[in-house]
Amino acid sequence: MSSPGSAAVGADALRDAAAVVADLPPAPAVWCTGLRKRYGKRTAVDGVSLEIARGEVVGLLGPNGAGKTTVIKMLLGLVRPDAGEVMLLGQAATDPASRARVGYLPELFRYQPWLSAAEVLTLHVRLSGAEVSAQEQRDVLALVGLAERTGDRVGGFSKGMQQRLGLAVALVARPEFVVLDEPTSALDPLGRVDVRDIVLDLKSRGIAVLLNSHLIGEVERVCDRVVILDHGRVAASGSLLELLGRHEVRLHLTGLPQAGEARLGQAGRVEREGDWFTVALPVDDETTVPDLIADLVRLGVRVHAVEPGRISLEERLLGILRDGADGEQP
Ligand SMILES: Nc1ncnc2c1ncn2[C@@H]1O[C@H](COP(=O)(O)OP(=O)(O)O)[C@@H](O)[C@H]1O
Ligand SMILES: [Mg+2]
């Protein structure tokens, strides 16, 4: 039997519980486990699990046919997995409401060619149910570099301009999670820089991004973490630091006194060939290299070249794809 006293305790407990829930970190942008998908006899995705936190920028890499687009479509509830589970912004991805807060640029898309860019955007705003003012819509078109083409029919757009419009569609309804499937495939180098800036801007505003791009350099520049798919499986994943190791520089020097050689040898690896010294040093922070070079110059050492010594993501990716999931880091 409940007394007025216990009802009061119940209300307190409820308030405490509500406070605990309010303090919980928001659900990840996306979380999935054990995703599988077959098309006929072909297994497109073979047991993929991953998680993307709020505000995190994750790159999805892998060769053609690795299953990247299929994974993306399953994460967004657009393709039904044969097995596995997906939570999109804390809701089951099978619930279409979960998609309302997601911006998606599909790999293959076609907009109504008779509509203008502004009309396409307005149509998508209406479909999303979000309140986005006309000014905000113009701002998004300007952001993707279409300010001068808002009234032009999409049918006359180049592939790159259509891709810019696709990006505007993905961004216009103030999404909390943005998924870009090959956003730069048709873009010129200038357009790629725009996409990079847009991704970095999203990140700075705490918006999570999943970026599938074959332009590995782009991924390396903007992503916190990378997931590499091969034959429908995660072949490797981790931060750039985990996948590539620490930053290193290689210095090419002449005129290095013996004492200097010994000291540099404590900090890194020194190789000597005749008068030439090559020194490979880990870079701990942004002062390491300029301070060291200043010291060397003071000692009368001639610094001929400073090269980045870390392997590129591209080299690492090729190594992983060649050697399989257990590929050793060089
Ligand atoms: N709708 C589909 N019907 C049949 N096979 C498909 C379909 N979608 C993808 N596939 C196959 O699944 C595999 C993975 O495709 P996809 O996810 O598009 O790879 P990626 O995006 O990494 O290039 C490929 O072998 C592809 O041919
Ligand atoms: Mg694809």
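With 0.36 nm allotted per residue and the present C-alpha distance subtracted, the S185-R54 stretch has 44.6 nm of extension available.
3J(HN,Hα) along region 186-196, derived from phi through the Karplus expression 6.51 cos²θ - 1.76 cosθ + 1.60 where θ = phi - 60°, amounts to 10, 8, 6, x, 5, x, 5, 4, 4, 4, 4 Hz, with x in place of Gly and Pro. Relative to the compact-globule estimate of 2.2 N^0.38 Å, the Cα radius of gyration of the chain comes out at 1.28. Calculated from DSSP H runs of 4 or more alone, at -39500 (n - 2.57) each and per residue, what is the 222 nm mean residue ellipticity of the chain, nearest 500? So the calculated ellipticity at 222 nm is -11500 deg cm²/dmol. Label-to-label distance for A305 and R36 is 5.1 nm, based on points extended 7 Å past Cα in the beta-carbon direction. In this structure the amide hydrogen of G47, modeled in the peptide plane, comes within under 5 Å of the amide hydrogens of L35, R36, K37, none closer than 5 places in sequence on its chain. Restricting attention to the chain, close to 70% of DSSP beta bridges with both partner residues there are antiparallel. Between Q162, Y39, V219, the Cα set farthest toward the positive side of the dipole of the chain (charges on each charged residue's Cβ, about the Cα centre) is that of Y39. Using a Förster distance of 22 Å, how high is the FRET efficiency between E242 and R322, based on the Cβ-Cβ distance and rounded to 0.05? It comes out at approximately 0.70.
In debye, nearest 20, what is the charge dipole magnitude of region 246-310 about its Cα centre with +1 on Lys and Arg Cβ and -1 on Asp and Glu Cβ, if you could check?
Working: 8 positive and 11 negative charges, 23 e Å.
Using Cβ point charges on Lys, Arg, Asp and Glu, region 246-310 gives about 120 debye.
Treating each Cα of region 246-310 as one equal point scatterer and applying the Debye formula with no solvent, the log10 of I(q)/I(0) at q = 0.14, 0.19, 0.21 Å⁻¹ comes out as -0.34, -0.64, -0.80.
No value in this document is a laboratory result; all are computed from the given coordinates. Computed from a predicted structure; not experimentally measured. Reconstructed Cβ throughout: ideal geometry from the backbone, glycine too, with neighbour counts over all protein chains shown.
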